[in-house]
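Worksheet: the structure to be examined is printed underneath.
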Amino acid sequence: MTPTPVFDGHNDVLLRLLNDYAADPTKAFIEGTRDGHLDLPRARQGGFVGGFFAMFPPNPKKTDFTAPGAIGGNPPLPAPLTLEEGRASTLAMTRILLDLTRAENSPVALCRSRAEIDAAIAAGRIAALMHIEGAEAIDANLDMLEVLYAAGLRSIGPVWSRANIFGTGVPFHFPASPDVGPGLTEAGKDLVRACDRLGMVIDLSHLNEAGFWDVAKVSKAPLVATHSNVHAICASARNLTDKQLDAIAESNGMVGLNFATGFLRPDGAMRADTDIEIMVRHLDYLIEKLGENRVGFGSDFDGANIPAAIGTVAGLPVLIDALKARGYDEALIGRLACGNWLDLIERVIG
């Protein structure tokens, strides 16, 4: 049986390829790996047809935010990166994505619009939308933004959870409010205006609440959180309050369900034995607040501790089956799994 097509709001496979398969990342992705969550063979198995491929500049000192109990332990955030540190890793991941999609017969396509995504999926290729998670590679003058846009960048999260020249992120704290720290800097507001001008998605998932409201004031585009969940169910600082969800709905924006267990569970624990039912509860709530056309998946594959019942991208049908068991019809499942993201991309990017 052919799995339901899934276009996903967030993955970190490029960083895994950079860290673990730098000798030949293209071969590793296409032929498959034994570790991690996402590669081509498992994507085919799970119905994954594309998504936002994030470039996340890693911290020099690694902190394991996916370890059991790590979120509830309220780990301190790493120090800000320098421009040089952010740029080196971001460009290295850009190179990996460009290499992966360069060949005409490549099974992965770099897509810059809804039309290119539709064409890639129709041709049986994985549709990759280039995304930045934490804009440390970009200077205050935004010269590098223009360079990366020319290379194919179409979505950007101004901050990861650490602060940078554009704004302040939310810490990985539980229970906690996202209302912590100052909002966007003037450089951050300039970045938002530039993204509006270029037609780029602005991802709010790691911004603190003050930054969220600054984007809402400055941007004329739909408000988007590519991989965030419901604060009323799981009181993580990374999740969205009802007031934020109302603003996203009013802007005709979008939220992608994050599969990270610490942002799903009411106890905030990073535990692989998390029941799929809690994912469905978050989706029910998001649909109630946002409507059926503004909710999708934002898995955080290769960047999170996800429920063992799903395991990897190959396990996406497990979530689809849970939605069917809850009574979701095929049309709604199709929108959640793929159609809503494609419509959002068309609204923002074209």
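The numbers here are math on the coordinates, done by the rules we state, and not lab data. Since the structure is predicted, the reported quantities are computational estimates derived from the model, not experimental observations. Virtual Cβ from ideal backbone geometry, glycine too; neighbours counted across all protein chains shown.
As a proxy for reagent exposure, 38, 332 were ordered by neighbouring Cβ count within 10 angstrom, fewest first; the result is 332, 38.
Kindly identify the range 138-199 as rounded, prolate or oblate by the Cα gyration tensor criterion: order the square roots of the eigenvalues as a ≥ b ≥ c, call it rounded if a/c is under 1.5, otherwise compare a/b with b/c, prolate if a/b is larger, else oblate. It comes out prolate by the Cα gyration axes. Here the Kirkwood formula, the inverse mean of 1/r across different C-alpha pairs, assigns the chain a hydrodynamic radius of 19.6 Å. Using just its DSSP H runs of length 4 or more, each adding -39500 (n - 2.57), the chain gives a mean residue ellipticity at 222 nm of -11000 deg cm²/dmol after division by all residues.
With both partners inside the chain, how many of the DSSP beta bridges are antiparallel, as a percent to the nearest 5?
5 percent
Could you compute the net charge surrounding residue 276? Neighbours are other residues with a C-beta less than 15 Å from the C-beta of residue 276; K and R count +1, D and E count -1.
That works out to 0.
Counted by neighbouring Cβ atoms within 10 Å, the residues 349, 30 run from fewest to most as 30, 349. For the listed residue pairs 289/324; 27/61; 61/243; 243/324; 61/189; 27/324, the alpha carbons are over 25 angstrom apart in 27/61; 61/243; 243/324; 61/189; 27/324. Using DSSP to define loop residues, name the GluC sites (Glu not before Pro) in the range 101-167 whose beta-carbon has at most 12 other beta-carbon atoms within 10 Å. Of the GluC sites (Glu not before Pro), the ones in loops of the range 101-167 whose Cβ has at most 12 other Cβ atoms within 10 Å are 104. Among residues other than residue 237 with Cβ under 12 Å from its Cβ, the summed charge is -1 (Lys and Arg +1, Asp and Glu -1). A convex hull fitted around the alpha carbon atoms of the range 172-317 yields 109 Å³ per residue. Per-residue extension of 0.36 nm, minus the Cα-Cα distance of residue 273 and residue 331, leaves a gain of 17.9 nm for this segment.
The trypsin sites (Lys or Arg not before Pro) of the range 210-287 meeting both criteria, a DSSP state outside H, G, I, E and B (loop) and at most 11 other C-beta atoms within 10 angstrom of the site's C-beta, are 220. Length available on full extension from residue 147 to residue 19: 0.36 nm per residue minus the Cα-Cα distance, which gives 43.7 nm.
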